[in-house]
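Heads up, the thing below is written out as structure tokens.
Coordinate-derived values only; no laboratory data. What you see is a predicted model, and the numbers here were worked out from it, not measured in a lab. Glycine also receives a Cβ, built like all others from the backbone with ideal geometry; neighbour counts cover every protein chain displayed.
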Amino acid sequence: MKRNIGISVAMVVGLFAVLFATGCGKVVPPGTTVIILSPSGETQIIHQGVYRGWGRDKVYFVDTKLKSYAKDLKILCADDINMDVAVKWVGSFAVDKDTIGVIKAKVPATRSKRDDVSGMELSLDQFYKIAMDDIVSSITRSTISVYKTDNIREQREKIRNTVKSKVIARLKELKYPVQTADVLITNLDYPPEITTMRKKIKNAELKDLENAAIAKAEVAKARRDAELAVEKGKAKLVQAEADAAANKVRTASLTPEIIMIKQIEMYEKLATGPNNTAILIPFSALGSGIEKTMLIRNSVNRLGEKKNQNQRKDRR
């Protein structure tokens, strides 16, 4: 009986000794890396799972969540105009045995308690504010300041990539324990007075384009009208030439006898009026020529009557 009691006491003592040596296991909080520094100088970095801290061990809770930090800047550009620029760094702590010393040296540690385990909190917010803010701002300022404001917006993506690559290179050179996910240029604004002036210039340019389009249309219309007038003039010229040719033919075919007959016919028509009882014959028609003229007229009349008779026969 005494032997069994002795064994049980020994087992209990041994169990307490193990618990005392190892401490109680706790789960690593999400978005946190736990660092345990033992008195012997050994360092444990636990990103997930269970951690144990006991006795003289020092426990650090490092915030490793992905975060973003934005800052508004006024940057004097090459044309002496201030641009309002917002730059944003997105990243997180990159914790390993080589970087924990830098984190501890750069970040003020604040006391924290997680699941009844007391430790020191190392915040990314504090690290960015103390060690990185000026770097990101300075690189952004020096990159944009060489541009003229007229070219900045068109070169926005190029500027962003330049700032990002320079920030990453500088943080790597300083061996900072961070991982950069992105650097964003989220805003590029002109001062209000410059914006107003640019709107006026833009409106004036649009008005000039409108006036130029109207002038171009008017010139095209004037050109078409001129071409149409030329064509009409050509048509009138052709008609005049045709009329002149016809008149020439008529004139050539009018013999003195035909002219005399036409005169007689005209006078006959005049004599048909109720108040006309006489026919006026010009002096040139008197004499031996009138007989010949009348004979020609009678011949013409007979030919006309004969033609009419033939036409009536054909109809029958």
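Between the DSSP loop rule and a limit of at most 13 other Cβ atoms within 10 Å, which GluC sites (Glu not before Pro) in segment 119-171 are left? If you can, show how the numbers build up before the last one.
Values: sites: Glu121, Glu154, Glu157; in loops: Glu154.
Sparse-neighbourhood loop GluC sites (Glu not before Pro): Glu154.
With a 10 Å Cβ neighbour count serving as the proxy for reagent exposure, in which order, fewest first, do Lys88, Lys207 appear?
Lowest to highest Cβ neighbour count: Lys207, Lys88.
Please report Asp208, Asp189 as a ranked list, fewest other C-beta atoms within 10 angstrom at the top and most at the bottom.
Values: Asp208 10, Asp189 14.
In increasing order of surrounding Cβ atoms, one gets Asp208, Asp189.
So who's got an amide H within less than 5 Å of the one on Ala181, skipping anything under 5 residues away but keeping other chains? H placed 1.01 Å off N, in plane.
Amide H neighbours of Ala181, under 5 Å, 5+ apart: Val90, Gly91, Ser92.
Got a sec to turn the phi values of segment 140-147 into Karplus ³J(HN,Hα) couplings, 6.51 cos²θ - 1.76 cosθ + 1.60 with θ = phi - 60°, whole Hz, x for Gly and Pro?
Each residue of segment 140-147 in turn: 4, 5, 5, 6, 7, 5, 7, 8 Hz.
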